[in-house]
Amino acid sequence: MADQIQELQEQVLQARRNKQTLNIVGGGTKAFMGRLASADASTLSLAGHTGIVEYHPVELVLTARAGTPLQDIEAALAEHGQCLHFEPPRFGDRSTIGGTLACNLSGPARPWSGSVRDQVLGIRLLNGKGEHLRFGGEVLKNVAGYDVSRLQAGAMGTLGAITEISLKVMPKPATTVTLVQDMALDEVIHYMNKRSGEPKPITGACWVDGKVYLRLAGARSAVDATAEKWSGVVMAQGDQFWQQVRDLQHDFFKASEAPLWRFSVGSAATMPALEGRWLLDWAGAQRWYRGQATLSDLEPLARAAGGQVSLFRGGDRAGEVMPAQPEALKTIQRRVKNSFDPDGIFNPGRLYSWL
Amino acid sequence: MTDKPTISREQLADTFRQFIDPAFVISDDETLKPYECDGLAMYRELPMLVVLPDTVAHVQRVICICHEHNIPVVARGAGTGLCAGAMPHKEGVVLSLARFDRILELDPLARTARLQPGVRNLAISEEAAQYGLYYGPDPSSQIACSIGGNVAENAGGVHCLKYGLTVHNILSVEMITAEGDRVTLGSDGLDCSGMDLLALITGSEGLLGVVTEVKVKLLPKPEVAQVIIAGFDSIEKAGDAVGGIISHGIIPGGLEMMDSHAIIATDDFCHAGYPREAKALLLCEVDGTEEEVQQHIAEAEAVFRKLGATSIRTSQSEEERALLWKGRKSAFPAVGRISPDYYCMDGTIPRRYLARVLLAMEKMAEEFALRVANVFHAGDGNLHPLILFDANVPGELESAEAFGSRILELCVEVGGCITGEHGVGVEKIRQMAVQFNDNELQQFHDIKAAFDPTGILNPGKGVPTLRFCQEYRSIEHKQHKHEQVEASHG
């Protein structure tokens, strides 16, 4: 564990002086995401900026440097029976907490336990002027100043290098049970939403290959009683299934070379009329699709379902991979970017071609 | 605001009256009067005009006109805010969203509701109840406060530890930008690509846009909820018990603490049967399925007993639960009864410093010769010290304000923050200089400029000017030095 803030700051200041752009890299496990990284840029590596800075289990708050691998954080939490409730995906052992926030990645529990964006309480950030700034804090409630911490979620480093993160953590559920049963795609959206509307300890609802998987987690008494009442067979390898879905390691993600598209839409929205393979997670709010398509073809389908589509992996990453923005929001985002990074040093073009 | 207005009050009122019913364009001082403050009445200002449009197109037009003529715009919901965030600007327009009070759509299957900004917080849960659903955040003012205001302040309530703040419970907002564009942030999906502008807007106190529609998530109503009240003979023990519950792995739906002043005031007020001899009282609500609640209540009682509770009572019916909560929920009016005025603070601290902070606060109370009662969202570390004073006694208001400032600075000192859920507004703008350095404040100003280049939206709130901060910090520094010198001589 090491505090490399001085070196990082110096590197940013130097880049600014030399009019050099920087690609921010943590563990390097998310290089496949977003648009292609700029070939002209140097690397600003956060991989060595690691370590848990503060952790008081009783406060339900943990603070770590951005380069800290998720597995180190989860191991520290597990010692005290706690966990990251948003189930961050790991795309390799080196996946870091900083990259998780920058890409706003959360696992199957997201609709019930919130996302990484929901759990972040504060950050430290190196902006494009080389200033090391602190926003939010280490307390669960804080409305002093704009919420710059959560603004970073999904910004993919375009606003600066996140150097430290404080997160809300939660007790690990005492028991987990997964129920599985056959169900056709045209029934499952209604079914998953219905179940989500019941006051039961549900923390996962996924459909793939004609089967629906529901996960119950919490106090043993509540989980057992609900499992008894709900239909479906208890799955022996439940935890493994959810981990594979979380880390994109399920066969659905591995079996083909076709581009992977992510629809983030209304959970109860009708399925887009699109032939091909689907995996539905988050009780229908996150729908993965494999297929050759163009963003502009898919966007109207996502809009009709109340949400958005993005190209998550593969396909043409030289073009846009994120949904088109209306002109007014483009203007605002350009100005926000400029307010953090006036010389456009960080991750040019990674999020949008125009940012 | 960088430029002067380019239109007179009369001209502006006439312009608005061309498209808004003249009864809803207010320009006479008598009718303007009720708008001079929000829920924090110690800060007052009469606006130039109040306008109450009833269509989004009209809101958009009002903002476009104000933008064109450099007129400040202060958006206002129900006016229940506690930081003077909706205090008018004397050369500006108060844009009231009070007429936007319709629930536009409620989808029981998707568990969402699409709302106009003036819909009352409680009205959402009342409407959703028929489907076994409710809206999570429940600020004390929920009977009156509006969802638009909740977004502006990122409102919380007593159930945040488990169910989150406003930012965790909304899917999208539609807003009008300072330049008059109508935009939507967020979607029906749980997240959108790119930087999270929805989060940035939440809690931005009307400085970045005017919210015209909100889509919220609804939660299934828990099968059962039971509350335990546990008395303790010291604050420290009660604080340890809070930690004990959380370490045990239970996340209560609500976890509240009151000190002895608050216990007695609230028990006198609503006869909840609180243990009046206790130095601290915990209210711990457990909710969930029947089996889960049964299990967790038994475990929580055992934890409290082990950690020295002097009394334990668990609600056995919905009526009893409501009665036990009534004390906590009426803490503010109850305290209002024992003092002509009170000033409610809103700092948040890491819970481990609770005893230290409360003790320091008692000492300060002696220094300032004022009483302070404490109610506390113990689960999430959010303190609400109520400073009791009498505005009719010369100097007491100023003392209360100075006392309040010191409390907030103490919160920052132990690693907390100056406001957990009430917002900065005008009230805490000075303490922003303690919480943030100049570079951070400048970053806030730059964000503001990205949304509102001419600075017409709620100017003078939320973020102090850097010059002001430098002055404030140097005065504070001198004062503290002075006090230290006095203390060492005294």
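The values are calculated or read from the model by the stated rules, or taken from the named source; none is laboratory data. Quick caveat: nothing in here was measured; it's all calculated off a predicted structure. So basically every Cβ, Gly included, is an ideal-geometry build from the backbone, and we count neighbours across all protein chains shown.
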Inset, instruction - Considering only the stretch A:123-151, state which residues are in contact with an Asp or Glu (Cβ under 6 Å, 6 or more places away or on another chain) and small (Gly, Ala, Ser). - result: A:128
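Looking at the stretch B:26-76 only, could you name the residues that are part of a loop (DSSP other than H, G, I, E, B), aliphatic (A, V, I, L, M) and either farther than 23 Å from residue B:150 by Cβ or in contact (Cβ under 8 Å) with a residue 24 or more places away in the chain (or both)?
B:40, B:42, B:46, B:48, B:52, B:71
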Legend entry - Qualifying residues in the stretch A:56-79 (those that are more than 8 Å from every other protein chain (Cβ to nearest Cβ) and over 19 Å from the mean Cα position of the chain (by Cα)) - the one surrounded by the fewest Cβ atoms within 10 Å (Cβ to Cβ): A:79
Inset, instruction - Can you give me the ranges of the helices (runs of 4 or more DSSP H) entirely in the stretch B:107-193 with at least 2 residues that are farther than 22 Å from residue B:326 by Cα? - result: B:121-128, B:147-153
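If you take just the strands (runs of 3 or more DSSP E) that sit entirely in the stretch A:1-106, which of them hold at least 1 residues that are under 25 Å from residue B:164 (Cβ atoms) and of a type in the set (Val, Ile, Thr)?
Counting at least 1 such residues, we get A:52-56, A:61-65.
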Inset, instruction - For the stretch B:248-289, name all the residues that are within 14 Å of chain A (Cβ to nearest Cβ) and among the polar types (S, T, N, Q). - result: B:289
Inset, instruction - Could you figure out which of (1) free of Cβ contacts under 8 Å to residues at least 24 places away in the same chain; (2) closer than 25 Å to residue A:211 by Cα; (3) of a type outside the set (Phe, Trp, Tyr) isn't true of residue A:260? - result: (1)
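For the stretch B:458-467, name all the residues that are more than 8 Å from every other protein chain (Cβ to nearest Cβ) and part of a loop (DSSP other than H, G, I, E, B).
Residues of the stretch B:458-467 more than 8 Å from every other protein chain (Cβ to nearest Cβ): B:458-461, B:464-467.
Of everything in the stretch B:458-467, those that are more than 8 Å from every other protein chain (Cβ to nearest Cβ) and part of a loop (DSSP other than H, G, I, E, B) turn out to be B:458, B:459, B:460, B:461, B:464, B:465.
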Inset, instruction - Could you please give the count of residues in the stretch B:252-293 that are in contact with a Ser or Thr (Cβ under 7 Å, 6 or more places away or on another chain) and in a helix (DSSP H, G or I)? - result: 5
Inset, instruction - Kindly indicate whether any position in the stretch A:177-189 is facing chain B (nearest Cβ under 8 Å), at pLDDT 95 or above and out of contact with any Phe, Trp or Tyr (no Cβ under 9 Å at 6 or more places or on another chain). - result: no
Legend entry - Residues of the stretch B:194-206 satisfying the condition of being surrounded by 24 or more Cβ atoms within 10 Å (Cβ to Cβ), facing chain A (nearest Cβ under 8 Å) and in a loop (DSSP other than H, G, I, E, B): B:195, B:196, B:202, B:203, B:204
Legend entry - Leading residue by the ranking (surrounded by the most Cβ atoms within 10 Å (Cβ to Cβ)) among those in the stretch A:115-150 that are within 17 Å of residue B:351 (Cβ to Cβ) and at the interface with chain B (Cβ under 7 Å from one of its Cβ atoms): A:142
Inset, instruction - Output the residues belonging to the stretch B:262-308 that are over 30 Å from residue B:342 (Cα atoms), touching a residue at least 40 places away in the same chain (Cβ under 8 Å) and of a type in the set (A, V, I, L, M, F, W, C). - result: B:286, B:293, B:297, B:300, B:303, B:304, B:307
Legend entry - Selected residue (only one of B:249, B:244 is farther than 30 Å from residue B:147 by Cα, part of a loop (DSSP other than H, G, I, E, B) and either of a type in the set (A, V, I, L, M, F, W, C) or not assigned by TED's automatic domain parsing to the domain that holds residue B:422 (or both)): B:249
Inset, instruction - Looking only at the stretch B:85-127, count how many residues are buried (at least 22 other Cβ atoms within 10 Å of the Cβ) and within 14 Å of chain A (Cβ to nearest Cβ). - result: 5
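For the stretch A:275-294, give me each residue that is within 11 Å of chain B (Cβ to nearest Cβ) and of a type outside the set (Phe, Trp, Tyr).
A:281, A:283, A:284, A:285, A:286, A:287
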Legend entry - Unique residue being within 13 Å of chain B (Cβ to nearest Cβ) and over 20 Å from residue A:86 (Cα atoms) when the list is A:232, A:160, A:210, A:197: A:160
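Hey, could you check the stretch A:326-337 for residues that are facing another protein chain (nearest Cβ under 10 Å) and out of contact with any helix residue (DSSP H, G or I) (no Cβ under 7 Å at 6 or more places or on another chain) and say which is farthest from residue B:183 (Cα to Cα)?
A:337
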Inset, instruction - Return the total of residues in the stretch B:151-176 being closer than 21 Å to residue B:104 by Cβ and either in contact (Cβ under 8 Å) with a residue 40 or more places away in the chain or more than 15 Å from the chain's Cα centre (by Cα) (or both). - result: 11
Legend entry - Hey, residue A:136 on the phi > 0 side of the Ramachandran plot and either in contact with a helix residue (DSSP H, G or I) (Cβ under 9 Å, 6 or more places away or on another chain) or in contact (Cβ under 8 Å) with a residue 60 or more places away in the chain (or both) or not: yes
Legend entry - Filter result for the condition that a residue is of a type in the set (Asp, Glu), within 11 Å of chain B (Cβ to nearest Cβ) and surrounded by fewer than 23 Cβ atoms within 10 Å (Cβ to Cβ), over A:299, A:257, A:320: A:320
Legend entry - Of all residues making up the stretch B:233-244, the number that are more than 9 Å from every other protein chain (Cβ to nearest Cβ) and out of contact with any Leu (no Cβ under 7 Å at 6 or more places or on another chain): 3
Legend entry - Residue satisfying condition, being touching a residue at least 24 places away in the same chain (Cβ under 8 Å), of a type in the set (A, V, I, L, M) and under 30 Å from residue A:5 (Cα atoms), within set A:216, A:185, A:167: A:167
Inset, instruction - Within the stretch B:406-457, work out how many residues are closer than 27 Å to residue B:159 by Cα, in a helix (DSSP H, G or I) and more than 8 Å from chain A (Cβ to nearest Cβ). - result: 7
Legend entry - Conditions (1) surrounded by fewer than 22 Cβ atoms within 10 Å (Cβ to Cβ); (2) within 10 Å of chain B (Cβ to nearest Cβ); (3) of a type in the set (Gly, Ala, Ser): number failed by residue A:155: (1)
Legend entry - All positions within the stretch A:338-355 that are more than 8 Å from chain B (Cβ to nearest Cβ) and in contact (Cβ under 8 Å) with a residue 60 or more places away in the chain: A:341, A:342, A:343, A:344, A:345, A:346, A:347, A:348, A:349, A:350, A:353, A:355
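Being in contact (Cβ under 8 Å) with a residue 40 or more places away in the chain and either part of a helix (DSSP H, G or I) or more than 25 Å from the chain's Cα centre (by Cα) (or both) is the filter here; which residues of the stretch A:188-213 pass it?
If the condition is that a residue be in contact (Cβ under 8 Å) with a residue 40 or more places away in the chain and either part of a helix (DSSP H, G or I) or more than 25 Å from the chain's Cα centre (by Cα) (or both), then A:188, A:189, A:190, A:192, A:193, A:195, A:196 are the ones that fit.
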